[in-house]
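Data first, discussion second: the structure below is written as structure tokens.
Coordinate-derived values only; no laboratory data. Being a predicted model, the structure only gives us computed values, none of them experimental. Using ideal geometry, Cβ is built from the backbone for each residue, glycine included, and neighbour counts are taken over all protein chains shown.
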Amino acid sequence: MYELPKLPYAYDALEPFIDARTMEVHHSKHHATYVAKLNEAVENNPELQAKSPEELLRDLSAIPEAIRTAVRNHGGGHVAHTLFWKSMGPNKGGMPTGKVGELIEKDLGGFAKFKEDFSKLGAGVFGSGWAWLVIDEHGLLKTMMSSNQDNPLSVGMKPIMCLDVWEHAYYLKFQNRRAEYITEWWNVVDWDSIEENYKQLRNA
């Protein structure tokens with residue numbers, strides 16, 4: 001059975017940028033529901049239960065058609081939120097260093113441009129979705145957006161960082177001010193964790 005991961009910090013640890021109530025509801029209700037629904041979807045398919053959620057998303061064509069949409073949506077939600085929590089931390093923010101910092105300069109035109117472009121991607125998602133920093137098929141860093149719970153894994157990308165722009169990620173504090181939420185979010189981006197994600201996935 002897939003399980004809801006514990007947060008690596010307290011619900012109030014990202015204050016004042018992301019409020020404790022949003023974090024609690026987002027993690028314990030929304031993410032927990034994705035996990036529960038994913039388990040329901042695969043409960044009669046032991047061969048699928050043996051796979052990680054990431055493996056399921058990498059080959060959606062292998063999922064029985066009757067449950068493919070549920071796995072895509074709820075598996076996508078589970079995987080994306082797990083990465084989202086890891087993309088943040090208390091007393092973080094600032095500029096990336098290490099290999100990710102180097103590649104943002106080389107592949108994405110520098111940090112200032114990357115930050116602007118990534119923020120625009122998140123703000124420009126119509127309805128609900130995500131902004132992503134991924135390793136593409138050529139090993140380069142790339143930004144992309146997705147709708148709903150669609151995941152870059154399903155199109156051959158390796159996500160190392162993501163931003164949730166579903167309304168449940170910000171509405172309690174920011175209401176309809178998504179751009180303000182994104183501006184505040186940069187103060188909690190955990191570049192050390194993103195660097196670790198990159199190191200784990202670059203040759204995977």
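Below are the figures for this structure:
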| read-out | value |
| --- | --- |
| Nonlocal amide H pairs with M161, under 5 Å, H built at 1.01 Å | L133 |
| For Y170, distant residues with modelled amide H under 5 Å away | none |
| Rounded to whole Hz, the Karplus (6.51, -1.76, 1.60) HN-Hα couplings of the stretch 67-77, x for glycine and proline | 10, 4, 5, 5, 5, 4, 6, 7, x, x, x |
| Loop-located GluC sites (Glu not before Pro) in the stretch 70-147, at most 11 other Cβ atoms within 10 Å (DSSP) | E137 |
| Net lengthening on full extension, K199/A66 (0.36 nm per residue, minus Cα-Cα) | 44.3 nm |
| Dimensionless Rg over Rh [the stretch 20-86; C-alpha; Kirkwood] | 1.01 |
| Normalised per residue, the volume of the convex hull around the Cα set of the stretch 98-201 (Å³) | 95 |
| Most mobile listed residue (D19, D190, D150) in the chain, GNM with C-alpha springs under 10 Å | D19 |
| ³J(HN,Hα) computed for each position of the stretch 53-63 - Karplus, 6.51 cos²θ - 1.76 cosθ + 1.60, integer Hz, glycine/proline x | x, 4, 5, 4, 6, 5, 9, 5, 5, 7, 7 |
| For the chain, built as a Gaussian network whose Cα springs stay under 10 Å, the top-fluctuating residue of D192, D164, D59 | D59 |
| Separation in nanometres of the label points that stand 7 Å from Cα toward Cβ, at D59 and Y171 | 3.8 |
| The stretch 130-204 and the stretch 1-37: distance between their alpha carbon centers, rounded to Å | 16 |
| Sparse-neighbourhood loop sites, trypsin sites (Lys or Arg not before Pro) in the stretch 1-102 - DSSP loop, at most 13 other Cβ within 10 angstrom | K6 |
| Unit charges at the beta carbon, dipole of the chain: most positive-side option, S119, L48, T69 | S119 |
| For the chain, size of Cβ-based charge dipole, Lys and Arg +1, Asp and Glu -1, in debye | 200 |
| Listed residue pairs exceeding 24 Å between alpha carbons, taken from K6/K51; K6/K142; K92/K142; K29/K199; K37/K199; K6/K115 | K6/K142; K29/K199; K37/K199; K6/K115 |
| Charge dipole magnitude, Cβ of K and R +1, D and E -1 - the stretch 20-86, Cα centre, debye nearest 20 | 300 |
| Residues H31, H168, sorted so that the one with the fewest Cβ neighbours within 10 Å comes first | H168, H31 |
| Cα→Cβ-extended label distance, 7 Å offset, between A10 and D107, nm | 3.7 |
| Convex hull of Cα atoms in the stretch 146-204, direction-averaged projection (nm²) | 4.8 |
| Sparsely packed GluC sites (Glu not before Pro) within the stretch 1-82, loop by DSSP, other Cβ within 10 Å at most 13 | E3, E43 |
| Per-residue HN-Hα couplings for the stretch 109-121 [Karplus 6.51, -1.76, 1.60; θ = phi - 60°; Hz; x = Gly/Pro] | x, x, 5, 4, 5, 4, 4, 5, 5, 5, 5, 5, 4 |
| Formal net charge of residues neighbouring G156 (Cβ-Cβ distance under 14 Å; K, R +1; D, E -1) | -3 |
